Every structure is written in C-alpha cells, then in structure tokens.
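Visitor: Below is the structure I would like to discuss, written out as structure tokens.
The values are calculated or read from the model by the stated rules, or taken from the named source; none is laboratory data. Please read these numbers as outputs of a predicted model, since none were measured by experiment. Glycine also receives a Cβ, built like all others from the backbone with ideal geometry; neighbour counts cover every protein chain displayed. With ligands, DNA and RNA removed, areas are computed over all heavy atoms of the protein, side chains included. Shrake-Rupley method; radii C 1.70, N 1.55, O 1.52, S 1.80 Å.
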Amino acid sequence: RGKEEKYRVRMPKLWMPKEYKDKRKSIDDLERNIFKFKKSSEEKSKKMDKEEKLFRETFMYDKEIRVLGTASAQCSVPSQRRADLPLTAGEQLDVIDVPQGHAVICRNAQGRYGYVLVEHLNFR
C-alpha cells in the first residue's frame, strides 16, 4: 500500500476537464452569434425589398416576379443607363422576364434588377 499511495495523483473534487470548459465557451459564443446572424438577414431582406420596390417603379412591372432561368455573364459590362444592370465576368444572374427586343430583365446576387443584352449572357 505504501508504494501505491506514493505514485497516485490526487485530483481536487471540483476539477473540470479543459475540453468541457472549451465546449461551454463555444456554446455561449454560438448563442451570441445567432442573434447577430438574425440581424444581418433582416437587414438583407429589407434591402432586397427596397430593390424590388425600386425595380417595380422603374420598369412599371406589376406581374409576379418569377425566375425563368439562370445565366452567367460572359464579360464585364458597365451600365450605360440607370435601367441597365452592370455585369462582371462569370456573375450568375436570374432571368426574370423576356420582353421584346435584344435585352432581358435580370437580377444579380445583390438583388439589383436591370436590363442585360442577350449577347452578354451564356444560358445553360
């Protein structure tokens, strides 16, 4: 018995493993981050609603906004008018409407709407 007691390490009774403490901290951080995420998504949805309202006023569009398909931009094109949508090469666009002529109404990832020439798009 004397030898066993000599090599035995005594732990305090209220000892908590380090991994458990780390998990507790990460859970607390996660709960705090959830609220930040909700704020940013609310701001994003407000911005999207504002862009949609601006689009309806500018284009006098009273139909339901439906995505007809997706397309990618072949090249970068700056906007010439307010109604045109500026493009960057490789950008993914949602095609909203196909009016008469060489342009289609598209929406980009930021929620902006505008006319894009069919020549600049690559349909899948």
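Visitor: Which whole-number value in Å² is the accessible area per residue of region 80-124, probe 1.4 Å?
Guide: 59 Å²
Visitor: Once amide H atoms are built 1.01 Å from N in the peptide plane, which residues 5 or more positions from GLY111, or in another chain, come under 5 Å H to H?
Guide: none
Visitor: Also: In Å and whole numbers, how far do the C-alpha atoms of region 65-123 stretch along each principal axis, longest first?
Guide: 24, 21, 21
Visitor: Continuing with this model, one more query. If each residue of separation counts as 0.36 nm, what is the full-extension length gain between GLN74 and GLN110 once their alpha-carbon separation is subtracted?
Guide: Extra length from GLN74 to GLN110 when fully extended: 11.1 nm.
Visitor: Which residues in region 70-102 place their backbone N less than 18 Å from a point set 7 Å from the Cα of LYS44 along the Cα-to-Cβ direction?
Guide: From region 70-102, the list is 92-94.
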